[in-house]
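Presented below is the structure to which this report refers.
The values are calculated or read from the model by the stated rules, or taken from the named source; none is laboratory data. Everything numeric in this text was worked out from a predicted model, so none of it was measured. Note that we place each Cβ from the backbone using ideal geometry, even for glycine, and neighbour counts take in every protein chain shown.
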Amino acid sequence: MNQCNGYDQSCIFCKIVNRESEAEILQHDDELCCFRDLKPGADHHYLVVTNRHIDSCFSLRREHVPLVEKMVEMGKAVLLKHHVADLADIRYSPQCLKQLSTIQ
Ligand SMILES: [Zn+2]
């Protein structure tokens with residue numbers, strides 16, 4: 001199995017989390033980082049990624065469920081902070097679950 005934790009030099013999200021790549025970071029904690037999409041597909045297009053590198057959804061296990069739920073919560077919190085009140089009108093697109101984007 002591929003290495004699923006730690007820093008991956010070829011991964012843009014790892015670089016963003018480590019502040020090595022330009023991104024507007026909106027919120028972060030010890031597990032997750034939320035930033036504005038570099039090429040937004042909507043007015044509010046944010047990505048929530050894990051601080052620890054996860055190769056793909058195939059690396060995810062049952063114990064990651066709370067983390068994925070936390071990603072959704074952080075996405076919602078950022079949307080609320082940006083005055084997106086209608087949380088019913090949100091699309092979540094897990095892109096191989098390395099990232100979770102919320103688009104309105
Ligand atoms: Zn990574």
- Query: Does the stretch 38-57 include one or more residues that are within 13 Å of the ligand (Cβ to nearest atom), in contact with an Asp or Glu (Cβ under 6 Å, 6 or more places away or on another chain) and aliphatic (A, V, I, L, M)?
  - Reply: yes
- Message: So for the stretch 38-45 (the condition being under 22 Å from Tyr7 (Cα atoms), part of a loop (DSSP other than H, G, I, E, B), modelled with pLDDT under 90 and over 10 Å from the mean Cα position of the chain (by Cα)), does at least one residue qualify?
- Response: yes
- If Gln27 passes every condition in (1) modelled with pLDDT of 90 or more; (2) polar (S, T, N, Q); (3) part of a loop (DSSP other than H, G, I, E, B) but one, which one does it miss? (3)
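To keep it simple, each residue is scored yes or no on (1) surrounded by 13 or more Cβ atoms within 10 Å (Cβ to Cβ); (2) acidic (Asp, Glu); (3) part of a strand (DSSP E or B); (4) modelled with pLDDT of 90 or more.
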{"position": "Cys34", "(1), (2), (3), (4)": "yes, no, yes, yes"}
{"position": "Val49", "(1), (2), (3), (4)": "yes, no, yes, yes"}
{"position": "Asp55", "(1), (2), (3), (4)": "yes, yes, no, no"}
{"position": "Pro66", "(1), (2), (3), (4)": "no, no, no, yes"}
{"position": "Glu69", "(1), (2), (3), (4)": "no, yes, no, yes"}
{"position": "Val78", "(1), (2), (3), (4)": "yes, no, no, yes"}
{"position": "Leu87", "(1), (2), (3), (4)": "no, no, no, no"}
